[in-house]
Amino acid sequence: QVQLVESGGGLVQAGGSLRLSCAASGRTFSNYAMGWFRQTSGKEREFVATISRSGGLTWYTDSVKGRFTISRDNAKNTVYLQMNSLKPEDTAVYYCAAAGRYSTTTPVDYDYWGQGTQVTVSS
């Protein structure tokens, strides 16, 4: 199994930046594609970004393109989400997740999930 722990969330004003981290332990980290999702009250969990096992491929939801960057450091068993130019609409609980082998935008395809970290963007 893989255990995931997110950190780096908090309160920030619109236009500011945060960097989320997700530390993994357990099975070999490089065997898993990683993703970031977010969820607000009353809404389904929403895809944000994903990165392939090697880090060579990334994909983002339209609303964060140009503002967010997903990256990974396999030597540190960590995936990151750099969030710039934050908007109030970005407010959510952010979750990292590990997929068996391939990047995907679908939550059910992910095998392991972190506990989530709150990101709040004020206007």
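Annotations for the structure displayed:
- Contour minus Cα-Cα distance for L11 and T61 (0.36 nm per residue): 15.8 nm
- Rounded to 0.05, the FRET efficiency of the S54 and S122 pair, given R0 = 25 Å and the Cβ-Cβ distance, is 0.10.
- For the chain, the dipole from Cβ point charges (+1 on Lys and Arg, -1 on Asp and Glu) about the Cα centre works out to 240 debye, to the nearest 20.
- Once the 1.4 Å probe is applied to the protein heavy atoms, segment 40-98 comes out at 51 Å² accessible per residue.
- Rounded percent of accessible protein surface that carbon and sulfur make up, segment 8-122, 1.4 Å probe: 47 percent
- Per-pair calculated FRET efficiency, R0 = 30 Å: Q1 and T69 via Cβ, rounded to 0.05: 0.60
The values are calculated or read from the model by the stated rules, or taken from the named source; none is laboratory data. Note that the structure is a prediction, hence the values are computed from the model and not measured. So basically every Cβ, Gly included, is an ideal-geometry build from the backbone, and we count neighbours across all protein chains shown. The area values use the complete protein model at the heavy-atom level, side chains included, leaving out ligands, DNA and RNA. Shrake-Rupley method; radii C 1.70, N 1.55, O 1.52, S 1.80 Å.
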